[in-house]
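The values are calculated or read from the model by the stated rules, or taken from the named source; none is laboratory data. As the structure is a prediction and not an experimental result, all values here were calculated from the model. Using ideal geometry, Cβ is built from the backbone for each residue, glycine included, and neighbour counts are taken over all protein chains shown. All accessible areas refer to the heavy atoms of the entire protein, side chains included, with ligands and DNA or RNA removed. Shrake-Rupley method; radii C 1.70, N 1.55, O 1.52, S 1.80 Å.
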Amino acid sequence: MTRFPPNKDYLLSFSTYTLYEISKSDKFYNQFKKLYSLYPCVIVMSYFPLAVKELASIENKAEIVNPIMLAPVGINIEGKNMNPDSLDILLNKSSVKEAFLNVESYTSNYFEEISKLLDHTDFLSIKNNMKNKKNVFIKKFIRYEMKERFLFPENRELDLSKLKKLKSLEVLAYSIYYKFFSDQNRKVSVNDIVDVLIMTTVPYVHTFISERNSIDILKTVQKQTNLFNLVNLLVLSDLR
């Protein structure tokens, strides 16, 4: 039986995208606010900032990949100790408000980009037969992201052994395939982009909890790779 709240051996972590999504709902925000004020929590980064950390590790500029962006418990904000309204204080900080605006803009733009991805010249050859082209898509997508997001020249040789350490990018590639392209009849929305960006953090946690579709996808990916084979995958109902 799943235990919740977790014991002393666990630290609750939330993606920046999760926090952004929660902040848009009064019901979920009030529930999360209570949880946030009672239990140690950290805010973790997801793709793209997480992939930048991974690249730094690959290039020996950092010893480890630390996904933690913010650990608010035990700190002071403007000279005040954390309190039941600590989440309100955090989310009213100008830097956090700016970050949320960036998240909103980025997810919307990225959704538009991914929605038209198969019309990009790199993907035209597999556009009409996506269901049987998963492995080809994964490779093409990783190369596409390296070129578009990390400014790798198109003709630059990519070290595949090093690319395997870009765990967040590989999870993103699989998640994009299964969320957007494996089922041509499934209607997609910008929330699907938020889901896959949150999913990129999964290799760095002990237990990952999400909605059913995302967990089903991650379980499928888990059987195909060793990216996060030891991660416990749970749906929200498992906590009840």
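Among the lysines, which fall within straight-line cross-link reach of residue 33, defined as a Cα-Cα distance under 25 Å, with same-chain neighbours fewer than 8 residues apart omitted?
8, 24, 80, 93, 97
Please name which of 205, 168, 237 has its Cα lying farthest along the dipole of the chain towards the positive end, using unit charges on Cβ (Lys, Arg +1; Asp, Glu -1) and the Cα centre as origin.
237
Pairs of alpha-carbon atoms within less than 8 angstrom and 6+ residues apart define the contacts here; what relative contact order does the chain have, in percent?
After rounding, I find 20 percent.
For residue 34, which aspartates and glutamates qualify as cross-link partners when the Cα separation must be under 19 Å and same-chain residues fewer than eight apart are set aside?
21, 26, 85, 88
So if the hydrodynamic radius of region 79-127 is defined as the Kirkwood radius over C-alpha pairs, what does Stokes-Einstein give as its diffusion coefficient at 37 °C and 0.692 mPa s, in µm² per second?
It diffuses with D of about 238 µm²/s by this estimate.
How much net charge surrounds residue 99 when only other residues with a Cβ under 15 Å from its Cβ are counted (Lys, Arg +1; Asp, Glu -1)?
Summing Lys/Arg as +1 and Asp/Glu as -1 gives 0.
Rounded, prolate or oblate, given the Cα gyration tensor of the chain, with a/c below 1.5 counting as rounded?
Cα axes put the chain in the prolate bin.
How much accessible area per residue does the chain have, counting only protein heavy atoms and a probe of 1.4 Å, in square angstrom?
58 Å²
Leaving out same-chain residues fewer than 8 places away, which aspartates and glutamates sit with a Cα under 13 Å from that of residue 147?
122, 157
Would you calculate a helix-derived [θ] at 222 nm for the chain, using -39,500 (n - 2.57) for each DSSP H run of n ≥ 4 and dividing by the full residue count, to the nearest 500?
-14000 deg cm²/dmol
On a 22 Å Cα-Cα criterion, which of the cross-link pairs 134/179; 133/164; 162/219; 27/53; 53/219; 179/223 come out too long?
Beyond 22 Å: 162/219; 27/53; 53/219.
Quick one: pull the percent of accessible area on region 109-235 belonging to carbon and sulfur, 1.4 Å probe, ligands and nucleic acids left out.
That fraction is 47 percent.
Could you pull the accessible area for residue 189 with a 1.4 Å probe, rounded to 10 Å²?
Approximately 50 Å² of residue 189 is accessible to the 1.4 Å probe.
Rank 126, 89 by accessible area, highest first, at a 1.4 Å probe radius?
In descending accessible area the options line up as 89, 126.
Is the C-alpha gyration tensor of region 102-157 telling us rounded, prolate or oblate? Criteria: a/c under 1.5 is rounded; beyond that, a/b larger than b/c is prolate, otherwise oblate.
Since a/c reaches 1.5 but b/c is at least a/b, the shape of region 102-157 is classed as oblate.
By how many nm would the segment from residue 106 to residue 232 lengthen if fully extended, with 0.36 nm per residue of separation less the alpha-carbon distance?
42.5 nm
For residue 96, what accessible surface area do you get with a 1.4 Å probe? Give it in Å², rounded to 10.
Here the residue's solvent-accessible area equals roughly 30 Å².
In a shell of Cβ-Cβ distance under 15 Å around residue 17, excluding residue 17 itself, what net charge do Lys and Arg (+1) and Asp and Glu (-1) give?
The answer is -3.
For residue 21, tell me the accessible area in Å² from a 1.4 Å probe, rounded to the nearest 10.
Rounded to the nearest 10, the figure is 60 Å².
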